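The values are calculated or read from the model by the stated rules, or taken from the named source; none is laboratory data. Note that the structure is a prediction, hence the values are computed from the model and not measured. So basically every Cβ, Gly included, is an ideal-geometry build from the backbone, and we count neighbours across all protein chains shown.
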Amino acid sequence: MSEPKEYTRLLKRQINKYLAETEQTSGLKSFLDAVNSSYLYYEEDMRLTHRATQISSEELYRINQQLKESNEFLDTFNHGLAHDLKNHATNVSSMIQMLKKYFNSGDQAKLQQILERLEDSSNHFLTIIQGFQYISNTENSLNSGREEFYAEELKEEIFKESAFIIEKYNPSLHFHFEFEKIVFSKHQLKTIVNNLVSNGIKYSKPDVKPIIEISFSETESTYSIEVKDNGLGMDLKKNEKKLYQLFSRLNNKKDTEGTGLGLYLVKRLVDRNKGTVKIESELGVGTTFKISLSKF
């Protein structure tokens, strides 16, 4: 309990003044002490109520900010998604018209080319839908609570969820942990690491085995993640303005799968966890992402 404040002491003195000639019996002293204590409890209640009001206001502001960010994100995402889907729908429609034109021509080479392009567009539609589901799950995870889990458990789940691309490209993934347990949102950590690992694998150099180094370390207040690859690298100055834009592709490698959502999701999760992202990259050498996330 807090120390008596000046006006509570004054109250006791005033009562004593008017009762100066009255014998200070033990009962009267107990009564005065009880009056004084009641004021102290009142002060403490008011202090706690004021603090609770502050917390509620801060929480309301935080929720409003999150809602504003989510609405802005949805507007941008829906615009980009609609634009991407419209372009591919137009391409599919054009190829169907070409298929009708050449169907009875006997030109097998041309027909094969059209069918391959239709297959590519179909696969891209599927990728967009999967990307939409993935980003929806990520948005839902922004308000998920933190949990305690083992670092080895995180590693196993990352391997499991990246099984398809690992099987396709056969990369070497090396994990380094400076701790055994983590207290964080597991889904968010997996999303960050999976996207950076996926980028490192997809943008690998032709005929060079992708090698990805994933390191985890910590301080009293932060978790640090470093993901280093030996891939194509990128021109950071040239791509600075579109690094974290939705649907942005930083490399013109034509056979690379993806929707351009990866780095945007990484940056969004890092920002929500009061963190930072630093990128080091050199064309033809590789890229390193250094991420810091607040524990609190």
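Results, tabulated for the structure shown:
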quantity: All strands (runs of 3 or more DSSP E) inside segment 137-195 with 3 or more residues being closer than 27 Å to P210 by Cα and at pLDDT 90 or above; calculated: 172-177
quantity: Every residue from segment 282-296 that is touching a Phe, Trp or Tyr at 6+ places or on another chain (Cβ under 9 Å) and either without any contact (Cβ under 8 Å) to a residue 24 or more places away in the chain or over 15 Å from N195 (Cβ atoms) (or both); calculated: S292, S294, K295
quantity: Residue list for segment 204-225, restricted to those being free of Cβ contacts under 8 Å to residues at least 60 places away in the same chain, closer than 14 Å to T288 by Cα and either assigned to a helix (DSSP H, G or I) or of a type outside the set (A, V, I, L, M, F, W, C) (or both); calculated: S204, P210, E213, S215
quantity: Number of the exception - F184 against (1) under 18 Å from the mean Cα position of the chain (by Cα); (2) surrounded by fewer than 17 Cβ atoms within 10 Å (Cβ to Cβ); calculated: (2)
quantity: Only listed residue being in the same structural domain as V208 (by TED's automatic domain parsing), surrounded by 13 or more Cβ atoms within 10 Å (Cβ to Cβ) and among the basic types (K, R), chosen from K155, K160; calculated: K155
quantity: Filter result for the condition that a residue is modelled with pLDDT under 90 and among the charged types (D, E, K, R), over K290, K278, K237; calculated: K237
quantity: Matching residues in segment 150-172 - criterion: being closer than 20 Å to N230 by Cα and within 20 Å of the chain's Cα centre (by Cα); calculated: I158, F159, S162
quantity: E257 modelled with pLDDT of 80 or more, assigned to a loop (DSSP other than H, G, I, E, B) and surrounded by fewer than 16 Cβ atoms within 10 Å (Cβ to Cβ); calculated: no
